[in-house]
1. Go through GLU341, GLU313 for me and flag whichever is in contact with a Ser or Thr (Cβ under 9 Å, 6 or more places away or on another chain) and either under 28 Å from SER84 (Cβ atoms) or among the β-branched types (Val, Ile, Thr) (or both).
2. State which residue is least open to solvent (accessible area, probe 1.4 Å) when the search covers only region 149-182 and only residues that are charged (D, E, K, R) and farther than 27 Å from THR275 by Cα.
3. Any residue at all in region 316-337 that is over 20 Å from LYS112 (Cβ atoms) and either without any contact (Cβ under 8 Å) to a residue 40 or more places away in the chain or part of a helix (DSSP H, G or I) (or both)?
4. Counting only residues that are touching a His at 6+ places or on another chain (Cβ under 8 Å) and surrounded by 15 or more Cβ atoms within 10 Å (Cβ to Cβ), which one in region 62-101 is nearest to SER130 (Cα to Cα)?
5. Could you grab me the full set of residues in region 36-61 that are open to solvent by less than 60 Å² (accessible area, probe 1.4 Å) and more than 29 Å from the chain's Cα centre (by Cα)?
6. If the requirement is being touching a residue at least 40 places away in the same chain (Cβ under 8 Å), open to solvent by less than 80 Å² (accessible area, probe 1.4 Å) and under 16 Å from LYS282 (Cβ atoms), which of these qualifies: VAL207, VAL255?
7. If you scan region 235-250, which residues turn out to be within 20 Å of SER182 (Cβ to Cβ) and open to solvent by less than 30 Å² (accessible area, probe 1.4 Å)?
8. From the set of residues in region 1-30 that are within 24 Å of the chain's Cα centre (by Cα), touching a residue at least 40 places away in the same chain (Cβ under 8 Å) and within 18 Å of ILE366 (Cα to Cα), which is surrounded by the fewest Cβ atoms within 10 Å (Cβ to Cβ)?
Amino acid sequence: MKATNKLRSIFSQIDDPRSDINKLHKLEDILLIGIISVICAAETWKDMESYAKAKEDFLRNYLDLPNGIPSDDTFNRVFSSIDSDQFEACFMEWVSLIVNLTDGEVIPIDGKTIRGAKSCGKKSPFHMVSAWATRNNMVLGQVKVSEKSNEITAIPRLLELITIKGCTVTIDAMGCQQEIASKIIEEQADYILAVKENQKQLFENIVDEFQFAKNVQTDTTEDVDHGRIETRKCSVISHFQFIENQEKWAGLKCVIKVESTREFKNSDKPTEAATRYYICSKLATAKELQKAIRLHWSIENKLHWVLDVAFGEDASRKREGNAAQNFSILSKIALNLLKNETSAKNGIKGKRLKAAYDNDYLLKVIEKV
């Protein structure tokens, strides 16, 4: 299992939170069992212990296990007390070694709530902001949103920790902030930021641009799927008349309007219509910008939805210490490895089960790094 050497070298940087008297098991063994067992469908600390006991002979080929398999309580204590910022930094260092970002790759950034991790006395559930690489099919990184803060402060921290040079970052309206736009340009990347009425002046200026503009580039697409016809028209303006204080938005090159309609065949449902606006630092065709905006939703479909359905993340009730945050990292490590193993045609849930009972397939998954 060559990949364990790379994982060992990176995650060995994590400080052991235990006192020497309580160290019956090596920290790197606990971490690697955690990663491997989550790949193999473990969703609880008890699952980790059960998997490791069933596969002990196999694991001994790669791990020391001087005192056998750790108990579920040990997994709980260790992962609850590991410094989550350090664990996240190691995760992002590992990703940086295996990802191959290309110029123009779309990097959606979005938040996700783990509702089951809400503890008594906490104001809100546990919330993470993640970055997704659309061509690589990989999570680039995550940061936790402070209980007394929001995504506006978390996004710049995430941008500092990941490599986005040459990429196009897409963020919903929460991230439409001058500081965030400046940070993206500073990192030598481009942005497409959704604009809503939380930026009232900018929103009204963009509406005026499209109301009076004469030189508008457009692209229209139509999709037919599951009895629905969805039409999307993307309009782009690169010469402004009404954008006030545009110099405050670093690198601003164009404004975008996307009008979408959804009709339902053989149904009494009324036609749905929506109009969305964006600012962008990249000069590109309406067709290219429309594609980039559509790719933003891959973070919902390929990351957040998969974490809830295939990993049961939203139902997770890990609440002690840093448990929820650290288990979220384990899930994203597993997801990155499983997404990039393509010999099996199963979905992620099926791949997890296959890895659990087929050691040869598990080795294929691990060897992807």
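The values are calculated or read from the model by the stated rules, or taken from the named source; none is laboratory data. All figures in this text were calculated on a predicted structure; none of them were measured in a lab. Counting neighbours? That spans all protein chains shown, and the Cβs are built from the backbone with ideal geometry, glycine included. Just so you know, the surface numbers come from the protein's heavy atoms only, side chains and all, with ligands and any DNA or RNA stripped out. Shrake-Rupley method; radii C 1.70, N 1.55, O 1.52, S 1.80 Å.
1. GLU313
2. ARG157
3. Within region 316-337, not a single residue is over 20 Å from LYS112 (Cβ atoms) and either without any contact (Cβ under 8 Å) to a residue 40 or more places away in the chain or part of a helix (DSSP H, G or I) (or both).
4. THR74
5. LYS55, GLU56, PHE58, LEU59
6. The conditions single out VAL255.
7. Correct list: ILE243, TRP249, ALA250.
8. Looking at the filtered set, the residue picked out is LYS6.
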